[in-house]
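Written out below as structure tokens is the structure these notes cover.
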Amino acid sequence: FRLFSPFIRDASTIEFCDRYLFINPNYDDDVNFLFNIVSLTSQVKKIKIFTDTIEYNRLHELFLSIVKGINSELSVDFINYNSNKNHDRFIIVDEDKISIRFSTSFNNFRRNQNGIFKVKDNCSLVFTTGRNYID
């Protein structure tokens, strides 16, 4: 996660956009990935999660309990996102400051049995300034 640190470390708002985030409550890799990103900054005040999985399941609750355990005043919003055009995933930092685009789902970053995150399949990451959000 050191790759993301220079882009996240001073963030006060982090937006995650992945239509399929938290879709499978049997795997907590999404929660771990988001938590590791959020942990890169002590400045974060607001998290927005755009997903088609708006109905709460155990992953929503797990994520909320973890981040609220660190900062009880942290604002976390789950926002319905359903795009038939866009399958890329994004992290938007401080509204429009930085965009990080993933060509595959966040859960492509899977934790192995040693606790190390590995990329399961090929993917590309694009780091840009501004709100470069394709939809």
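Nothing in this text is a laboratory measurement; each read-out follows from the coordinates by a stated rule. Only a predicted model underlies this, so the values are computations on that prediction, with no experimental measurement involved. Reconstructed Cβ throughout: ideal geometry from the backbone, glycine too, with neighbour counts over all protein chains shown.
Please give the residues of the range 14-57, grouped as numeric ranges, whose backbone N is less than 11 Å from a label point set 7 Å along the Cα-to-Cβ vector of Leu125.
Answer for this model: 37.
Using the Cβ atoms and a cut-off under 11 Å, what net charge is assigned to the surroundings of Leu21, where Lys and Arg are +1 and Asp and Glu are -1? Write out the running numbers ahead of the final one.
Working: positive: Arg19, Arg89; negative: Asp18, Asp29, Asp30, Asp52.
The answer is -2.
If I model a spin label as a point 7 Å beyond the Cα along the Cα-Cβ vector, how far apart are those points for Ser72 and Lys97 in nm?
So the two model labels end up 2.7 nm from each other.
Given the peptides 36-49, 60-73, 118-131, 12-25, arrange them by the average over their residues of other C-beta atoms within 10 Å, most packed first.
Descending packing order for the listed peptides: 12-25, 36-49, 60-73, 118-131.
Rounded, prolate or oblate: which fits the chain when a ≥ b ≥ c are the square roots of the eigenvalues of the alpha-carbon gyration tensor, with rounded for a/c under 1.5 and prolate only if a/b beats b/c? Don't skip to the answer; put the middle values down first.
Details: a/c = 1.12, a/b = 1.03, b/c = 1.09.
Cα axes put the chain in the rounded bin.
Would you list which aspartates and glutamates come within 14 Å of Lys68, measuring only between C-alpha atoms, while excluding same-chain residues fewer than 8 positions from it?
Here the aspartates and glutamates satisfying the reach criterion relative to Lys68 are Asp77.
Would you compute, from DSSP H runs of 4+ residues alone, the mean residue ellipticity of the chain at 222 nm, taking -39500 (n - 2.57) per run and dividing by the full residue count, rounded to the nearest 500?
-5500 deg cm²/dmol
Near Glu95, within a Cβ-to-Cβ distance under 9 Å, what is the net charge of the other residues, with Lys and Arg +1 and Asp and Glu -1?
-1
From Cα pairs below 8 angstrom and at least 6 apart in sequence, can you work out the relative contact order of the chain, rounded to a whole percent?
Relative contact order here is 27 percent.
For the chain, give the magnitude of the charge dipole about the Cα centre (Cβ charges: +1 Lys/Arg, -1 Asp/Glu; no others), in debye to the nearest 20.
Dipole size: approximately 380 debye.
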